[in-house]
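K.L.:
Got a structure for you, written out below as structure tokens; questions coming shortly.
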Amino acid sequence: METMNTTPMASRFTIGLFGRRNAGKSSLINALTGQNIALTSPQAGTTTDPVYKAMELLPIGPVAFVDTAGLDDEGDLGAKRVEKSYEVLRKCNLAVVVVDAAAGITRFESDFIEELQRRKIPAICVVNKCDRGAPGEEALAKLIRLAGIPLVCASTVTGYGIGEVKNQIVANSHFEDAEPALVGDLIHPGDTAVLVTPIDKAAPKGRLILPQQQTIRDIIESDAIAVITKEHELKLTLERLSQPPAIVITDSQAFLKVSADTPPEIPMTSFSILFARQKGDLAEMVRGVRRIERLKPGEKVLIVEGCTHHRQSDDIGTVKIPRWIRQIAGGEIEFVWSSGACFPKDTSGYAVVVHCGGCMLNRREMQYRMDLVREQGTYITNYGVLIAYVMGILPRALAPFPAASLALEESAP
Ligand SMILES: Nc1nc2c(ncn2[C@@H]2O[C@H](COP(=O)(O)OP(=O)(O)OP(=O)(O)O)[C@@H](O)[C@H]2O)c(=O)[nH]1
Ligand SMILES: [Mg+2]
């Protein structure tokens, strides 16, 4: 379970273990971590749901291993489990495909590796149970050819090859798709950044929400100073500072007041715009909001929430956003909602996808969703960009980001 004292799961380098039932996926997690944390047994189908195990794996740092159900599970329930194993891919930075040396690579592994390549997820293959007989030269060549990814022979029972599995995990872990800066590139050491976080009935008790925590962390890590206030004290806060802050960052719901209370020469943006930039492509989100301006009555809009953890009665995704979009479009628009893991593979029937901030999604998953939508000729935007647009302050909120500002001008109707 994620707590305030651990690295958030979405920020951990996530390593999924996949393979047929009984291949030794759970045993491999135990061997890699040196702990007995995953349940193993000779019974096929021991692991039924994805299980996340957070740990430190040097030199990578905080990682999460994901143990999954077998790719060859059968029956209605089995098919659902296989689907869940595939869903884990949306969070994976690296996949380990585990194969029983005696069984070799079949269409279960090949289909899966194909999906990995489609999603551009780096992967390695572990040929397990080599204590019972390692593949000969010819068999090994065939396995390497069929897998098409780096391959290691190992045994979780004797420990043979486990060190090499670790080496290959490290060698194939690509960090170029690690998350870029949140605010670090907008501030200098010694700068002050003012954060505005309304505390209303929707705010969680006794703490700040994850995007706020992460922004504070990024500011102090940049040797800058974070000053945090509610929207009502913003004016006073700015008066008290002896120098104007480098930036004011607000929760979208306080946009109007914060924009009014922040002098125009001080850059101002929102948490959700910062996250939209970090996780995806802000310029593309801006083009998506422009597409909403061109909506015609009868067109369809998909609203996607990455998680369901802060649903309220006057829900932004179910009430406010549809209302705003109908107003912008000036007519009846058909809305469809999806949430959690179920991002539809086919979005071609929609004019625009409106996505939540995606605080529970990692950058890779957000990129995958954006690519999918783009390939199908659909537009995408997100809550934060749309709210800024509706409030009439999108140009100001985008001013710190030249590429996105340009996209806003270029895509003007
Ligand atoms: N001989 C031998 N047996 C192994 C090895 N690794 C795992 N096993 C055994 O294979 C069986 C299945 O191991 P698990 O780790 O539960 O396999 P799994 O892939 O997680 O299986 P499911 O959860 O059922 O999909 C257990 O009886 C393990 O003890 C190995 O390297 N050599
Ligand atoms: Mg298992």
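The values are calculated or read from the model by the stated rules, or taken from the named source; none is laboratory data. Just so it is clear, the model here is predicted, and its values are computed rather than measured. Glycine gets a Cβ as well: all are built from the backbone with ideal geometry, and neighbour counts include every protein chain shown. The accessibility values were calculated without ligands, DNA or RNA, using every heavy atom of the protein model including side chains. Shrake-Rupley method; radii C 1.70, N 1.55, O 1.52, S 1.80 Å.
K.L.:
Averaged per residue, what accessible area in Å² does the stretch 251-298 show with a 1.4 Å probe, protein chains only?
P.N.:
Per-residue value: 35 Å².
K.L.:
Hey, another quick one. If you roll a 1.4 Å probe over the chain with all protein chains in place, what percent of the accessible area is carbon or sulfur?
P.N.:
Carbon plus sulfur share of accessible area: 52 percent.
K.L.:
Separate question: Have a look at TYR379, TYR160, TYR350 and tell me which one the Gaussian network model of the chain (Cα, springs below 10 Å) gives the largest fluctuation.
P.N.:
TYR160
K.L.:
If each DSSP helix of 4+ residues adds -39,500 (n - 2.57) and the sum is divided by the residues in the chain, what number results at 222 nm, nearest 500 deg cm²/dmol? Walk me through the numbers before you get to the answer.
P.N.:
Working: 15 runs with 146 residues, N = 413.
After summing the helix terms and dividing by residue count, I get -10500 deg cm²/dmol.
K.L.:
Please tell me the relative contact order of the chain in percent, rounded to the nearest whole number, where contacts are Cα pairs under 8 Å and at least six residues apart.
P.N.:
Relative contact order comes out at 13 percent.
K.L.:
In whole Å, what are the Cα extents of the stretch 120-161 along the three principal axes, biggest one first?
P.N.:
Here the spans come out as 32, 23, 10 Å, largest first.
K.L.:
Using the alpha-carbon centroid of each, what span in Å lies between the stretch 1-72 and the stretch 100-147?
P.N.:
19 Å
K.L.:
Which of VAL373, VAL157, VAL126 moves most in a GNM of the chain, Cα contacts under 10 Å?
P.N.:
With Cα springs under 10 Å in the chain, the top fluctuation among VAL373, VAL157, VAL126 is at VAL157.
K.L.:
Students often get this wrong, so check it: of LYS53/LYS80; LYS53/LYS279; LYS91/LYS296; LYS53/LYS91; LYS80/LYS345; LYS25/LYS166, which have C-alpha atoms separated by over 25 Å? Write out the running numbers ahead of the final one.
P.N.:
Working: LYS53/LYS80 22 Å; LYS53/LYS279 23 Å; LYS91/LYS296 35 Å; LYS53/LYS91 13 Å; LYS80/LYS345 17 Å; LYS25/LYS166 14 Å.
In this structure, LYS91/LYS296 lie more than 25 Å apart at Cα.
K.L.:
Expressed in whole Å with the largest first, what are the equivalent ellipsoid semi-axes of the chain derived from the C-alpha gyration tensor as the square root of 5 times each eigenvalue?
P.N.:
They are 44, 25, 18 Å, listed largest first.
K.L.:
Of the residues GLY104, GLY133, GLY317, which exhibits the maximal mean-square fluctuation in a Gaussian network model of the chain defined by a 10 Å Cα contact cut-off?
P.N.:
GLY133
K.L.:
Quick one: dipole size for the chain, taken about the Cα centre, charges +1 on Lys/Arg Cβ and -1 on Asp/Glu Cβ, in debye to the nearest 20.
P.N.:
With only Lys, Arg, Asp and Glu charged at Cβ, the dipole is about 500 debye.
K.L.:
I'd like the distance separating the alpha-carbon centroids of the stretch 342-413 and the stretch 228-260, in whole Å.
P.N.:
First find each Cα centre; the distance between them is then 26 Å.
K.L.:
Which order do the peptides 14-26, 392-404 come out in when sorted by mean C-beta neighbours inside 10 angstrom, highest first?
P.N.:
Highest mean packing first, the order is 14-26, 392-404.
K.L.:
A further question follows. Give me the 1.4 Å probe accessible area per residue for the stretch 311-387, excluding ligands and nucleic acids, in Å².
P.N.:
Spelled out: the 1.4 Å probe surface of the stretch 311-387, per residue, equals 41 Å².
K.L.:
What is the extension gain from GLN117 to TYR52, computed as 0.36 nm multiplied by their sequence separation minus the C-alpha to C-alpha distance, in nm to one decimal?
P.N.:
21.1 nm
K.L.:
What lysines sit close enough to LYS205 to cross-link, taking a C-alpha to C-alpha distance under 18 Å and skipping anything fewer than 8 places away on the same chain?
P.N.:
LYS230
K.L.:
Please say if the stretch 74-183 is rounded, prolate or oblate, where rounded means a/c under 1.5 for a ≥ b ≥ c the square roots of the C-alpha gyration tensor eigenvalues, and otherwise the choice is prolate for a/b larger than b/c and oblate otherwise?
P.N.:
Oblate is the answer for the stretch 74-183, as a/c is 1.5 or above yet b/c matches or exceeds a/b.
K.L.:
Further question: For the stretch 282-413, what does the relative contact order come out to in percent, with C-alpha contacts under 8 Å and a separation of six or more?
P.N.:
Answer for the stretch 282-413 is 38 percent.
K.L.:
Using every alpha carbon pair in the stretch 183-330, what percent of pairs falls into each 5 Å bin from 0 up to the bin containing the largest distance?
P.N.:
2, 8, 16, 19, 19, 16, 11, 7, 3, 1, 0
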